[in-house]
Structures are given as C-alpha cells and as structure tokens.
Amino acid sequence: MIHIKNSQRKITIEIDLLKKDLETILSALNYADFDISVLITTNKTIRTYNRDYRNKDKATDILSFPYHPELITGKRIKVREEEDKNLGDLIISAEYVVKDAEELKVPFPQRMKRLLVHGVCHLLNYDHIEDADWRRMRAKEAFLLKKIGYTYPL
C-alpha cells in the first residue's frame, strides 16, 4: 500500500499523481505489493528529522528511511513474513523542492518525480558516495525515470 500524507499547506501537491508515479516505480521494480509511506512537509520539519537522524542541522529535499537497511544493493528483498513487504519511509520538504526546481529551471512536478525515484533507490540501498555506487544508482534512476515519463536531464 502506498501511503502519502501532506502535512504542509503552502504548496499544492498532486497526491494522485505522486501515487500513480509510485505505483509505476514499484511495479517496475517488481515490488507492486510492497508498502511505502511518504510524508510531504516543511523545511522546519525536515530539518528536525535531518538533525535527529543524520546529525545535519539543516533542511534538505528528501530523507529516506529504509525498512531493510541490511539489503545488498541490487538484491531482492526476501519476504519471510508479511511485514517484510515494507520498503520504508520518505520525507520530502515541498518548500525545498520548490527552491530546487526554480534553481534547476524545471517544473515542480518533474522535480518531485526525480526525488521520488531517488528516494526509492535509497530505500533499496542504492547510494552515491563512491563513483561506482553513483553510476549504479544513476542507471537505476534513469530506468525508473523513463517509466514515469521524466523528460529532463538527470
């Protein structure tokens, strides 16, 4: 099940579109029957999460909290019981995304698509710290972005 909660009120969010994109992403990954939660919030709230969980006292665009942090990148989640069908949680600051979209000169909905894919990849333990990891993650992102109609450069 896909659960999206919009706790901010300044920026209009097309929840149905986000849900459709997530359905397509999960289907492309063969995780269509898995759960994922998305909280869309403010810079203030995401800053608190970033400080408390990453020791970075600043706002950011997206945070990913994987349910399977031990998952090996590129490997399939092994479902032993029903609760294993959980990818994790994403937290997105709509305010930050607006700022990013303006700086990158892309429409807000396209920036949201980009971040959804990026966040889901992190939930599956893809990372971009080392060059090889970055290339592997970018390839997975490019594959998923194509599935949801993303038309801007990575």
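The values are calculated or read from the model by the stated rules, or taken from the named source; none is laboratory data. Keep in mind that this is a model prediction, so the values were computed, not measured. Because the Cβ atoms are built from the backbone with ideal geometry, glycine has one as well, and the counts that use them run over all protein chains shown.
Some values worked out for this structure:
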read-out	value
Failed item, numbered, when Thr73 is tested on (1) in contact with a helix residue (DSSP H, G or I) (Cβ under 8 Å, 6 or more places away or on another chain); (2) under 22 Å from His3 (Cβ atoms)	(2)
In segment 1-38, residue surrounded by the most Cβ atoms within 10 Å (Cβ to Cβ) [restricted to those that are basic (Lys, Arg) and closer than 20 Å to Tyr67 by Cα]	Lys19
Hits in segment 101-134 - residues which are among the β-branched types (Val, Ile, Thr) and closer than 17 Å to Leu145 by Cα	Val106, Val117, Val120
Residues of segment 59-112 that turn out to be crowded, with 17+ Cβ neighbours inside 10 Å, without any contact (Cβ under 8 Å) to a residue 40 or more places away in the chain and among the charged types (D, E, K, R), as a count	2
Considering residues of segment 25-80 that are in a loop (DSSP other than H, G, I, E, B) and among the small types (Gly, Ala, Ser) only, the residue modelled with the lowest pLDDT	Gly74
Residue satisfying condition, being within 24 Å of Asn6 (Cβ to Cβ), touching a strand residue (DSSP E or B) at 6+ places or on another chain (Cβ under 9 Å) and modelled with pLDDT of 90 or more, within set Leu116, Leu145	Leu116
